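The values are calculated or read from the model by the stated rules, or taken from the named source; none is laboratory data. Since the model is a prediction, treat every value here as computed from it, not as a measurement. Cβ atoms come from the backbone with ideal geometry, glycine included; neighbour counts cover every protein chain shown.
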Amino acid sequence: MEMIHSDRYQYCQAIGQDSHRFASQAEQKKQPERKLVLGGVVIPDTCPLAGNSDADVLLHALTNAVSGLTGVNILGKKADDMCLKQGITDSACYLAEAVKYLDQWELLHLSFAVEAKKPRLSPWIDVIRENIARLTGLTSDQVGLTATSGEELTAFGKGKGIMAFCVVSARKPEISSKR
Ligand SMILES: [Zn+2]
């Protein structure tokens, strides 16, 4: 029996989520060089998020979405080992680790939804989309990013942190068997 790839595809969507609180004044004093990083882009003159890594909530949501596709979880034990044992704090490295397990899956589209009272993200949206596209080998029109203020309803809406969701769409060739 010979396995052949048909010209048909299997499609899948997967979701990822993440949230971080903003660093306290004491934490900022301890780490004055710490910056707010969103989608691998440094947003200047803003309060950084707290975390062992760079706390890039967008790349963490994306990493979780890729794990949702592959079934191989990276955030948690694996990223903690990379961060605490190897000193890797760049979340793009955790994303690269998750992407290694994509195998036949081809990413088609990434859709991000962010809830945060601050900072105002609209001036940064296209820069972030382009950088995430670069990190994933997509074009920026395959990356969508919306941001809402949260209307002071949740901790994120009250300005205590940032929450992000990411949905990935992907396809892989359907394998059929020929006798
Ligand atoms: Zn995170």
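Residues of the range 70-99 being over 11 Å from the mean Cα position of the chain (by Cα) and crowded, with 22+ Cβ neighbours inside 10 Å, which ones?
Of everything in the range 70-99, those that are over 11 Å from the mean Cα position of the chain (by Cα) and crowded, with 22+ Cβ neighbours inside 10 Å turn out to be ILE74, ALA79.
Considering ARG34, ARG21, which residue is touching a Pro at 6+ places or on another chain (Cβ under 6 Å) and at pLDDT 95 or above? Talk me through it step by step, then tell me what you get.
Numbers: ARG21 fails: touching a Pro at 6+ places or on another chain (Cβ under 6 Å).
The match here is ARG34.
In the range 16-30, which residue that is of a type outside the set (S, T, N, Q) and over 13 Å from GLY51 (Cβ atoms) is nearest to the chain's Cα centre (by Cα)? Explain how you work it out, then say what you get.
From the range 16-30, those of a type outside the set (S, T, N, Q) are 16, 18, 20-23, 26-27, 29-30; that's our starting set.
Retained after the next criterion (residues that are over 13 Å from GLY51 (Cβ atoms)): 16, 26, 29-30.
Numbers: GLY16: 8, ALA26: 27, LYS29: 27, LYS30: 26 Å.
Selected residue: GLY16.
Does the range 67-79 contain any residue that is in contact with an Asp or Glu (Cβ under 7 Å, 6 or more places away or on another chain), closer than 13 Å to HIS20 by Cα, aliphatic (A, V, I, L, M) and touching a residue at least 24 places away in the same chain (Cβ under 8 Å)? It would help to see each step written out before you state the result.
First pass over the range 67-79, keeping only residues in contact with an Asp or Glu (Cβ under 7 Å, 6 or more places away or on another chain): 74, 78.
Now drop any that are not closer than 13 Å to HIS20 by Cα, which leaves none.
No, the range 67-79 contains no residue that is in contact with an Asp or Glu (Cβ under 7 Å, 6 or more places away or on another chain), closer than 13 Å to HIS20 by Cα, aliphatic (A, V, I, L, M) and touching a residue at least 24 places away in the same chain (Cβ under 8 Å).
Quick grid of which residues meet (1) surrounded by 16 or more Cβ atoms within 10 Å (Cβ to Cβ); (2) within 14 Å of the chain's Cα centre (by Cα):
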residue: TYR101; (1), (2): no, no
residue: HIS109; (1), (2): no, yes
residue: VAL114; (1), (2): yes, yes
residue: ASN131; (1), (2): yes, yes
residue: THR136; (1), (2): yes, yes
residue: LYS158; (1), (2): no, no
residue: PHE165; (1), (2): yes, yes
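Quick one: which strands (runs of 3 or more DSSP E) sit completely within the range 1-86 and have at least 1 residues that are within 14 Å of the ligand (Cβ to nearest atom), under 22 Å from LEU121 (Cβ atoms) and touching a helix residue (DSSP H, G or I) at 6+ places or on another chain (Cβ under 9 Å)?
Numbers: elements: 2-21, 36-38, 41-43.
Fully inside the range 1-86 and qualifying: 2-21, 36-38.
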